[in-house]
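Notes follow the structure.
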Amino acid sequence: MDVLVLIGRILFAALFLGSAVGHLTRTTYMAGYAASRGVPASTPATVGSGLLILAGGLSVLLGVWADLGALLLAVFLVPTALLMHAFWTETDPQARQMEQIHFQKDLALAGASLMLLAFFAYAGSDLGLTVTGPLFDLG
């Protein structure tokens, strides 16, 4: 089971690490998009969110307080769904559909992150192939 969990952690974290690189290397472009969606202080928000998902993604990937990392990812995903993908404000049907897909994807990933939080916190030190045990104790 440990190997399957490790493979899952790698696949899950890859999405966030790639996104973090984008936030931190293409900050001007991404901040411009965030500003167009009404995000205040879009440049600091882009850098901050990039650092947040970098920390969360690395935590899950490496198994260093992976429960905390999963929580950080959920903290990123829920506001992102609401602020960046407010499909209910779109008037163009195609744009509305695309934003709804992104909204639902972010909420599904937030749900998966919360399940990972519970899994890592519950399994605790019994879960192999991690650097540390969990920060939280839900067992």
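The values are calculated or read from the model by the stated rules, or taken from the named source; none is laboratory data. Quick caveat: nothing in here was measured; it's all calculated off a predicted structure. Here the Cβ positions follow ideal geometry from the backbone for every residue, glycine too, while neighbour counts run over all protein chains shown.
Key figures
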item: Residue within segment 85-101 that is in contact (Cβ under 8 Å) with a residue 24 or more places away in the chain and either assigned to a helix (DSSP H, G or I) or of a type in the set (V, I, T) (or both) present; result: no
item: Test set (1) within 23 Å of A66 (Cβ to Cβ); (2) surrounded by 14 or more Cβ atoms within 10 Å (Cβ to Cβ); (3) at pLDDT 95 or above - A34 fails condition number; result: (1)
item: Those residues of segment 1-41 which are over 23 Å from F103 (Cβ atoms) and among the small types (G, A, S), in sequence order; result: G8
item: Selection from segment 62-81 of residues that are of a type in the set (V, I, T), closer than 22 Å to A123 by Cβ and part of a helix (DSSP H, G or I); result: V75
item: Qualifying position, being touching a His at 6+ places or on another chain (Cβ under 9 Å), under 26 Å from L135 (Cβ atoms), of a type outside the set (K, R) and part of a helix (DSSP H, G or I), among S49, S59, S19; result: S49
item: Within segment 87-139, considering residues that are crowded, with 18+ Cβ neighbours inside 10 Å and more than 15 Å from S59 (Cα to Cα), the one modelled with the lowest pLDDT; result: A123
item: Subset of segment 29-50 [of a type in the set (A, V, I, L, M, F, W, C) and over 18 Å from D106 (Cα atoms)]; result: A31, A35, A41, V47
